[in-house]
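Please read the structure below before turning to the comments.
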Amino acid sequence: MYETIDRLLDGPPPGASERELVDWIARLEEVKCTAEAVQAEASVRLEEAARARQAEAGVPARKLGEGVASQIALARRVSPARGAKLLGLAKILITGMPHTFALMKAGLFSQWQATILARETACLSLEDRRVIDYDLCAPGPNGQPAKAVAMGLRQLENAAKKLAISLDQASVVAHAANAEKDRRVSLRPAPDTMTWLGALLPVKDGVAVFAALDQAANAARAAGDERTRGQVMADTLVDRVTGRSSAGAKPRIEVKIVMTADALANDSDQSAMVEGYGPVPAAWAREALADAEVFVRRLFTDPAGQLVAMESRSRKAPDGLAEFVITRDGGICRTVGCDAPIRNIDHIERHADGGETSAQNLQGLCERCNQAKEAIGWQARPGPDGSITTITPTGHTYVSPPPATWAQDPPLSRAEFTLRDVLLDHTLAA
């Protein structure tokens, strides 16, 4: 039934029984796990080869391996930060967790399960990590399956934590204390012009914040408040953080918004871009801005929807040009697959090679991507349409499309959708 991978990826045949379909799903899951293990192995070998090449070229020891994580990220279509984590996990699996890696290669353990074990043993010595790897992922004495295979994710996490504490409690305590330095607040877009506001806090602080919001919700509900518990907690959080004392008070905010003049002043169907969030309907933007005391930094576009270009004779982009590039690129790193915020304004064609300090030759990059681009063997060139082609040391090319314009074609009507589908069906049938 599963003679080859190609046969498996063709999908189950028509008329397959429910049992066969479940078997097909299970086998595909095994293939995914095995593929992730092989990717990890290839990643480690890629870094070894790159380090050897760079050392031969005279690259300083502290910079050996630079750019490898970004190549992995491009190949796996993930962010460079994710690529670095995947490379780190691969090295841990190959060098310190052989039984976990064997389970992955056998198709019995996923990359995420391996990540949990690596994360919970990060503070331990190599010897102690291998003890946990053996205890949870090695086969039983009589060929019994490894304990970890039958565990859920939370069970696996708890089992690893308990073993880590029993092996080296002092290191676990020190690691937890050091983790408080990573406390932070984050914001990311959610559907329907909503956002996810998150905070990474020490457990005592996180529990205290939630308990305070829960107490406020209980009090409001007891007083007859018709809002749901979640709504009360969310509103209380906003009120206490912003200092807004009543629901009717207008918040004072500063917004950078990119939209056409027509979209701002009239009932246009075009979208607008809110910095830190993304595209929003122009009608929603007009209503939201009218409901707040807002300082609006408007950036207008030409009839084609492109921001007006700027240039400078200096090597470093002036503040105005830098702000223009950040806004044009949507505040997000231009590297394919990277979602990190822009931290550096980079010359696509190096300034030392004659690259101009102009909007056409500048791109917004995160710190990691900016460093990777400077590694030996990396090249980049701008395209006439605003795209950027990046060439890695292995000769692979990745094209970052030009930033989205704000001049939009009108949406297809239902009749046009129907006609298009008919033509498509006819083409496929032919």
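The values are calculated or read from the model by the stated rules, or taken from the named source; none is laboratory data. It should be emphasised that the depicted structure is a prediction, and the values quoted were computed from it without experimental measurement. Here the Cβ positions follow ideal geometry from the backbone for every residue, glycine too, while neighbour counts run over all protein chains shown. We work out accessible area using only protein heavy atoms, side chains counted, and drop any ligands, DNA or RNA first. Shrake-Rupley method; radii C 1.70, N 1.55, O 1.52, S 1.80 Å.
With respect to Ala148, determine if the residue is surrounded by fewer than 16 Cβ atoms within 10 Å (Cβ to Cβ), under 30 Å from Glu29 (Cα atoms), modelled with pLDDT of 90 or more and among the hydrophobic types (A, V, I, L, M, F, W, C). Working first, answer last.
Values: surrounded by fewer than 16 Cβ atoms within 10 Å (Cβ to Cβ): no; under 30 Å from Glu29 (Cα atoms): yes; modelled with pLDDT of 90 or more: yes; among the hydrophobic types (A, V, I, L, M, F, W, C): yes.
So Ala148 does not fit the description; no.
Here are some conditions: (1) in contact with a Pro (Cβ under 9 Å, 6 or more places away or on another chain); (2) modelled with pLDDT of 85 or more; (3) among the hydrophobic types (A, V, I, L, M, F, W, C). Met310 meets all but one. Which one does it not meet?
(2)
Restricting to segment 57-99, name every residue that is open to solvent by less than 30 Å² (accessible area, probe 1.4 Å), free of Cβ contacts under 8 Å to residues at least 40 places away in the same chain and over 21 Å from Gly395 (Cβ atoms).
Correct list: Gly88, Gly96.
Considering (1) modelled with pLDDT under 85; (2) touching an Asp or Glu at 6+ places or on another chain (Cβ under 8 Å); (3) hydrophobic (A, V, I, L, M, F, W, C), say which one Leu419 fails and leave the rest.
Failed condition: (2).
Mind telling me which of the residues Leu126, Leu163 ends up being touching a helix residue (DSSP H, G or I) at 6+ places or on another chain (Cβ under 8 Å) and buried (at least 17 other Cβ atoms within 10 Å of the Cβ)? Show your work before the answer.
Values: Leu126 fails: buried (at least 17 other Cβ atoms within 10 Å of the Cβ).
Just a single option satisfies the conditions, and that option is Leu163.
Pick from segment 8-25 the residues that are open to solvent by less than 50 Å² (accessible area, probe 1.4 Å) and in a helix (DSSP H, G or I): which of them is nearest to Ala75 (Cα to Cα)?
Leu8
Consider Ala42 against the criteria (1) surrounded by 17 or more Cβ atoms within 10 Å (Cβ to Cβ); (2) assigned to a helix (DSSP H, G or I): it satisfies all of them except one. Which criterion is unmet?
Result: Ala42 passes all but (1).
Does Phe109 count as part of a loop (DSSP other than H, G, I, E, B) and either farther than 14 Å from Glu36 by Cβ or aromatic (Phe, Trp, Tyr) (or both)?
Working: part of a loop (DSSP other than H, G, I, E, B): yes; either farther than 14 Å from Glu36 by Cβ or aromatic (Phe, Trp, Tyr) (or both): yes.
For Phe109, the condition - part of a loop (DSSP other than H, G, I, E, B) and either farther than 14 Å from Glu36 by Cβ or aromatic (Phe, Trp, Tyr) (or both) - is met.
Regarding segment 193-200, can at least one residue be identified that is open to solvent by 100 Å² or more (accessible area, probe 1.4 Å) and not hydrophobic (A, V, I, L, M, F, W, C)?
The initial filter retains those residues of segment 193-200 that are open to solvent by 100 Å² or more (accessible area, probe 1.4 Å), namely 194, 196-197.
From what's left, not hydrophobic (A, V, I, L, M, F, W, C): none.
No.
Taking segment 375-389, which residues are open to solvent by 20 Å² or more (accessible area, probe 1.4 Å), without any contact (Cβ under 8 Å) to a residue 60 or more places away in the chain and part of a loop (DSSP other than H, G, I, E, B)?
Gly383, Pro384, Asp385
Output the qualifying pairs, or none if there are none: Cβ atoms under 7 angstrom, residues six or more apart or on different chains, first residue in segment 352-373 and touching a residue at least 40 places away in the same chain (Cβ under 8 Å), second residue surrounded by fewer than 24 Cβ atoms within 10 Å (Cβ to Cβ) and aromatic (Phe, Trp, Tyr).
Pairs found: Ala359/Phe324; Ala372/Trp378.
If you take the residues in segment 331-372 that are within 17 Å of Ala84 (Cα to Cα) and open to solvent by 50 Å² or more (accessible area, probe 1.4 Å), which one is nearest to the chain's Cα centre (by Cα)?
First, the residues of segment 331-372 that are within 17 Å of Ala84 (Cα to Cα): 333, 335-341, 365-372.
Next, from what is left, pick out any that are open to solvent by 50 Å² or more (accessible area, probe 1.4 Å): 336, 339, 341, 367-368, 371.
Values: Val336: 11, Asp339: 5, Pro341: 11, Glu367: 15, Arg368: 13, Gln371: 18 Å.
Per the criteria, the residue is Asp339.
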